[in-house]
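K.L.:
Dropping the structure in here first, questions after.
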Amino acid sequence: MDHGVSTSWDDVLAIRQLIDQNDAKRVASQLKRYGVTFFKGTGEIIGCDSDSTAKVFISDGTDAVAELLARKVVVFTGSKARRLKGVPFDKAGFYDSYSIASLQSKPDSLFVQGTGIIALEYATIFAEMGVHVCVAARGSREQLLSMLDRAMRDALLADLEAKGVEIIYQASVSSWRTNAQTPAVDLELPTGIITRNFSAVLSEVGRVPTTQDLGIETLLEGYDVSRGKELPLLDNQKLKTTAGSVYLIGDVSGSGLACKAVM
């Protein structure tokens, strides 16, 4: 916002580091202020006693940190980027909304798959820095961001176009590959297939709840949490199970990004 097209990648890395540091200090200060005991590590529900007391195992990745007993457990692990099959995220130049933070330099061009709020946020950010951004929209202009008020949608699209963002309507990606180490996409249009090369590719097609490796499946007999399906919840956000009292708050509940928290 301050430097526009003259923004260097060092500027980006510096502000990102500053935000990380400030957030860490703020959270640590709040935990201390309210007397919250916290453990650094990952938590996994490993079972539930006959009196519905949940057992939570905490590990730092190598060793056990603690084993806690709790009458109630609140899970608010958020969500993560949805990764479509076929997108070669293991190859250089292909990113989702999380891994794109690992970019080592400002790209000359960026292809964005997805037309949701997060996808267009990134399109705006990179365009503001002078990167040529191309967005593929599966539908028409009138179908874009249908959840928004029409005037807001038109204002957003006008802003994107003023920043030089190229939006290709009625386009879908038919294949991904690299040409001479450069990401390439084949776009299927009503008139045929075209191939475009970009410095980087961002696939942002929604989010899925972060429910794996939490031990939730131990409380839901026969339920496969790896499929990214919405977990069975009662009206008060409590997991629908007789084994313990576990509550899912926020994105992890599967009710949408930045959904309301219910206490």
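K.L.:
How big is the antiparallel share of DSSP beta bridges in the chain, given as a percent to the nearest 5? Mind dumping the intermediate values first?
P.N.:
Working: 30 of 48 bridges.
Taking every DSSP beta bridge with both residues in the chain, the antiparallel ones total about 60 percent.
K.L.:
For every other residue with a beta carbon closer than 13 angstrom to the beta carbon of Leu13, add +1 if it is Lys or Arg and -1 if Asp or Glu, then tell me the sum.
P.N.:
On the way: positive: Arg16, Lys106; negative: Asp10, Asp11, Asp20.
So the environment of Leu13 carries a net charge of -1.
K.L.:
Can you return the lysines within cross-link range of Lys163? Criterion is Cα-Cα under 21 Å, with same-chain partners fewer than 8 residues away left out.
P.N.:
Within reach: Lys106.
K.L.:
Rounded to the nearest 500, what is the 222 nm mean residue ellipticity of the chain from helices alone, with -39500 (n - 2.57) per DSSP H run of 4+ residues and division by all residues? Each step should come with its number before you reach the end.
P.N.:
Details: 3 runs with 50 residues, N = 263.
Result for the chain: -6500 deg cm²/dmol, rounded to the nearest 500.
K.L.:
Oh, and also: Which angle between 0 and 90 degrees, to the nearest 10, do you get for helix 117-128 versus the longest principal axis of the chain when only C-alpha atoms count?
P.N.:
Approximately 50 degrees, to the nearest 10.
K.L.:
If you don't mind, another one. Quick one: net charge around Pro183, please, counting Lys, Arg +1 and Asp, Glu -1 for every other residue with C-beta under 9 Å from its C-beta. Let's see the in-between values first.
P.N.:
Values: positive: Lys91, Arg177; negative: none.
Here the charged neighbours net out to +2.
K.L.:
Report the Cα centroid-to-centroid distance between the range 129-196 and the range 91-112 in angstrom, as an integer.
P.N.:
About 16 Å separates the Cα centre of the range 129-196 from the one of the range 91-112.
K.L.:
Using 0.36 nm per residue, how much length does the chain from Ile193 to Phe39 gain when fully extended, once their Cα-Cα distance is taken away?
P.N.:
Details: separation 154, 0.36 × 154 = 55.44 nm, distance 5.25 nm.
Answer, rounded to one decimal: 50.2 nm.
K.L.:
Still on this model: Multiplying the sequence separation of Arg138 and Lys85 by 0.36 nm and subtracting their Cα-Cα distance, what value in nm do you get? Walk me through the numbers on the way to the answer.
P.N.:
On the way: separation 53, 0.36 × 53 = 19.08 nm, distance 1.75 nm.
So the extension gain works out to 17.3 nm.
K.L.:
So, one more: From largest to smallest, what semi-axes in whole angstrom does the chain give when each is the square root of 5 times an eigenvalue of its alpha carbon gyration tensor?
P.N.:
39, 22, 19
K.L.:
Please give the helix 9-33 orientation as an angle from the longest Cα principal axis of the chain, in degrees from 0 to 90, rounded to the nearest 10.
P.N.:
It is inclined by approximately 20 degrees.
K.L.:
In straight Cα distance, which lysines are under 28 Å from Lys55, not counting same-chain residues fewer than 8 positions off?
P.N.:
Correct list for Lys55: Lys32, Lys40, Lys72, Lys80, Lys229, Lys238, Lys240, Lys260.
K.L.:
Let me ask another. Taking the C-alpha atoms of the range 83-205, how large are the radius of gyration and the largest Cα-Cα span, Dmax, in Å?
P.N.:
13.8, 43
K.L.:
Here is a follow-up. I want the local charge near Thr115. Using Cβ-Cβ distances under 15 Å, sum +1 for each Lys or Arg and -1 for each Asp or Glu among the other residues. Show your work: numbers first, answer last.
P.N.:
Details: positive: Arg82, Arg138, Arg141, Arg153, Arg207; negative: Glu121, Glu142, Asp154, Asp159, Glu161, Glu166, Glu204.
The answer is -2.
K.L.:
Based on other C-beta atoms within 10 Å, arrange Ser199, Ser8 from fewest to most. Spell out each step's value before the answer.
P.N.:
Numbers: Ser199 17, Ser8 12.
Result, fewest neighbours first: Ser8, Ser199.
K.L.:
Calculate the spin-label point distance for Asn179 paired with Ser50, positioning each point 7 Å from the Cα along the beta-carbon direction, and give it in nanometres.
P.N.:
Going by the 7 Å Cα→Cβ label model, 6.9 nm.
K.L.:
Tabulate in residue order the Karplus-calculated ³J(HN,Hα) for the range 148-164, using 6.51 cos²θ - 1.76 cosθ + 1.60 with θ = phi - 60°, rounded to whole Hz; enter x for Gly and Pro.
P.N.:
8, 4, 4, 5, 5, 4, 5, 5, 5, 5, 5, 5, 4, 5, 5, 7, x
The numbers here are math on the coordinates, done by the rules we state, and not lab data. No experiment lies behind these values; they were computed from the predicted model shown. For neighbour counting, all protein chains shown are included, and Cβ atoms are generated from backbone atoms with ideal geometry for every residue, glycine included.
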